[in-house]
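The values are calculated or read from the model by the stated rules, or taken from the named source; none is laboratory data. As the structure is a computational prediction, the values presented were derived from the model and not from experiment. Neighbour counts run over all protein chains shown; Cβ positions are idealised from the backbone, glycine included.
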Amino acid sequence: MSQVEKYMERFLFASRWLMAPFYCGLVIALFALLIKFCIDLVAFIPNIFVAKDTALIVWILTLIDLSLAGNLLIIVIFSGFENFVSKMDIGDHEDKPGWMGKVDFGGLKLKLVASIVAISAIQLLKTFMDIASVTEQQAFWQVVVHLTFVGSGVLLALMDWISGKARALHEGH
């Protein structure tokens, strides 16, 4: 191997660290979600005793929606950093998530799609809880978008399953 090739490979490998600022930016986005969550929490509390059941449920669904978005960010930050930048050396910390260090790119894609489907489902449920405030066309398109996410998730899982079977067959020969 020539010296030029050796340095080029090291340079290219080191370039993975250019992704680190993206993950730091996602941490800032997580903080922004926390601020939005706190604002929504504090704003609704004075109305908690006078709110109608549907308003209370929509508020709870909004908080769940923000929480799922935060979970999605954590999955992307941890898995993305570990898969594309560097392994996190946190030892045997008692709070280390069980999936951390075990989610490959395919698993990351499936977790992302599952989270997006869950967020979309909550948005759709919120729409149905307050159906009077949306037009029939808006509700229709929310259903179409949600079904598109569900279909995409199923197709992605199917492609990963087929790929895994093909890999197993190839390795078996």
TODO: Search the stretch 36-48 for residues that are over 11 Å from Ile60 (Cα atoms) and pair each with any residue that is charged (D, E, K, R) when their beta-carbon atoms are under 7 Å apart and the residues are at least 6 apart or on different chains.
DONE: none
TODO: Filter the stretch 134-155 down to residues that are over 12 Å from Ser120 (Cβ atoms) and β-branched (Val, Ile, Thr) and give me whichever is modelled with the highest pLDDT.
DONE: Val154
Task: Selected residue (only one of Leu158, Leu125, Leu169 is at pLDDT 85 or above and over 28 Å from Thr62 (Cα atoms)) - done: Leu158
TODO: Go through Lys102, Lys87 for me and flag whichever is without any contact (Cβ under 8 Å) to a residue 40 or more places away in the chain and touching a Gly at 6+ places or on another chain (Cβ under 9 Å).
DONE: Lys87
Open item on the list: Please count how many residues of the stretch 111-141 are without any contact (Cβ under 8 Å) to a residue 24 or more places away in the chain, buried (at least 16 other Cβ atoms within 10 Å of the Cβ) and among the polar types (S, T, N, Q).
Closed with: 1
Open item on the list: Cβ-Cβ under 8 Å, sequence separation 6+ or interchain: first residue in the stretch 1-26 and of a type in the set (Gly, Ala, Ser), partner not in a helix (DSSP H, G or I). Which pairs?
Closed with: Ala20/Val85
Open item on the list: For the stretch 1-60, give me each residue that is modelled with pLDDT under 90 and basic (Lys, Arg).
Closed with: Lys52
Open item on the list: Show the residue pairs meeting these rules: Cβ distance below 8 Å; 6+ apart or different chains; first residue within the stretch 53-65 and without any contact (Cβ under 8 Å) to a residue 40 or more places away in the chain; second residue among the aliphatic types (A, V, I, L, M) and part of a helix (DSSP H, G or I).
Closed with: Leu63/Leu41
Task: Hey, Val150 surrounded by 14 or more Cβ atoms within 10 Å (Cβ to Cβ) and under 23 Å from Leu73 (Cβ atoms) or not - done: yes
